[in-house]
Amino acid sequence: MAKAKKVTPPNTTNRMVEEFAMPYIPTSKVSVPLVAEFTYRKFKKIADKVPFTQSEWAAILHLSERTLQRYAKNNGSFEGIYTDRILQLQELIDIGLSTFTSPDNFYQWLKKDKLVMGQVLNFQSLASSRGIQETIHQLVRIQQGIYA
């Protein structure tokens, strides 16, 4: 009968795991382009195109009126999430003003409930990115003579 071989575990005390060494560049030597600040003055140029109230702007941007007033007082810079929403609204406003004869007519159209492809669009729709996009799409349909 064959004798079983005794297996000894490998010596683990001298084993070392080696990682790939990644050279790091000190941050002081890295040139990162800064995104231009979106200040209240830039926002005001957009806001002045339409007769939205400060309360309506605050609701659309998901800010308090007081916060919006602080931005105005200090010409503060909006955070990225607000900048994105403002730029999306700028696109909506530009398309809306080119579709309607006046800012007031555009504003009145936004205020009315519209049943568009099974969903209601109105001013409250502007509180979401999807609502803004759907409103833009409806304006483009109007410009093209396609009424849904």
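The values are calculated or read from the model by the stated rules, or taken from the named source; none is laboratory data. Here the structure is a predicted model, which means the values were calculated and not measured. Neighbour counts run over all protein chains shown; Cβ positions are idealised from the backbone, glycine included. Keep in mind that these areas ignore ligands, DNA and RNA; they rest on the heavy atoms of the full protein, side chains included. Shrake-Rupley method; radii C 1.70, N 1.55, O 1.52, S 1.80 Å.
Before we move on, is residue 106 under 21 Å from the mean Cα position of the chain (by Cα) and either over 16 Å from residue 48 (Cα atoms) or crowded, with 18+ Cβ neighbours inside 10 Å (or both)?
no
Given (1) among the β-branched types (Val, Ile, Thr); (2) free of Cβ contacts under 8 Å to residues at least 24 places away in the same chain; (3) under 25 Å from residue 146 (Cβ atoms); (4) assigned to a helix (DSSP H, G or I), where does residue 101 come up short, assuming only one miss?
(4)
Looking only at segment 67-108, count every residue that is within 14 Å of residue 140 (Cβ to Cβ) and of a type in the set (Gly, Ala, Ser) and tell me the total.
Of the residues in segment 67-108, 2 are within 14 Å of residue 140 (Cβ to Cβ) and of a type in the set (Gly, Ala, Ser).
Cβ-Cβ under 6 Å, sequence separation 6+ or interchain: first residue in segment 105-128 and modelled with pLDDT under 90, partner open to solvent by 50 Å² or more (accessible area, probe 1.4 Å) and part of a helix (DSSP H, G or I). Which pairs?
That search, which allows pairs on different chains as well, returns nothing.
Could you list all residues from segment 45-92 that are open to solvent by 30 Å² or more (accessible area, probe 1.4 Å), part of a loop (DSSP other than H, G, I, E, B) and either in contact with a His (Cβ under 6 Å, 6 or more places away or on another chain) or within 18 Å of residue 129 (Cβ to Cβ) (or both)?
62, 79
Tell me which residues, restricted to segment 109-148, are more than 24 Å from the chain's Cα centre (by Cα), of a type outside the set (D, E, K, R), assigned to a loop (DSSP other than H, G, I, E, B) and on the phi < 0 side of the Ramachandran plot.
Result: 144, 146, 147, 148.
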